[in-house]
Amino acid sequence: MRVRMLVLALLLAAAPASAGNFMVHVGHDKLNPAQVKIKAGDTVVFHNMDQMPGGHTVVSEDGELQSPPLALDGKWSHTFVMPGKYQFHIKEHPGAKATVIVE
């Protein structure tokens with residue numbers, strides 16, 4: 001029985017990874033990490049770690065994607081299905097930028 005469980009555990013560990021979640025922390029004038037590399041089908045969660053009246057809004061440079069205003073500890077996520085390079089900034093702090101590279 002233990003051998004079967006060990007074999008099953010090894011097979012599961014060797015199985016292809018399914019879609020994953022990646023975190024980008026939103027702070028005062030900062031997105032961290034500034035670059036995330038993911039695979040198509042993965043989700044990026046933007047998590048606001050900073051107290052700011054009105055919250056922080058994450059916006060894609062092309063204007064296609066935009067979070068609602070995120071209060072402290074607020075989260076917004078997006079699943080990327082198409083390969084490409086997606087650039088974001090914080091609306092309230094335009095110099096705070098991050099890039100999501102979808103392979």
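The values are calculated or read from the model by the stated rules, or taken from the named source; none is laboratory data. As the structure is a prediction and not an experimental result, all values here were calculated from the model. Here the Cβ positions follow ideal geometry from the backbone for every residue, glycine too, while neighbour counts run over all protein chains shown.
Numbers at a glance
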| item | result |
| --- | --- |
| Where a residue in region 64-84 is within 21 Å of ALA40 (Cβ to Cβ) and its partner, wherever it lies, is part of a strand (DSSP E or B) and at pLDDT below 95, with Cβ under 8 Å and at least six apart | SER77/ASN21 |
| Subset of region 18-27 that is of a type in the set (A, V, I, L, M, F, W, C) and modelled with pLDDT of 95 or more - its residue that is surrounded by the most Cβ atoms within 10 Å (Cβ to Cβ) | VAL26 |
| Of residues in region 28-51 being under 15 Å from ALA96 (Cα atoms) and part of a loop (DSSP other than H, G, I, E, B), the one modelled with the lowest pLDDT | HIS28 |
| Region 42-63: number of residues that are on the phi < 0 side of the Ramachandran plot, free of Cβ contacts under 8 Å to residues at least 60 places away in the same chain and surrounded by 15 or more Cβ atoms within 10 Å (Cβ to Cβ) | 12 |
| Complete set of residues in region 58-103 that are more than 18 Å from PHE22 (Cα to Cα) and in a loop (DSSP other than H, G, I, E, B) | GLU61, ASP62, GLY63, GLU64, PRO68, PRO69, ALA71, LEU72, LYS91, GLU92 |
| Qualifying residue in region 35-45 (condition: hydroxyl-bearing (Ser, Thr, Tyr) and under 13 Å from VAL24 (Cα atoms)) | yes |
| Test: residue in region 94-101 that is on the phi < 0 side of the Ramachandran plot and touching a Phe, Trp or Tyr at 6+ places or on another chain (Cβ under 6 Å) | yes |
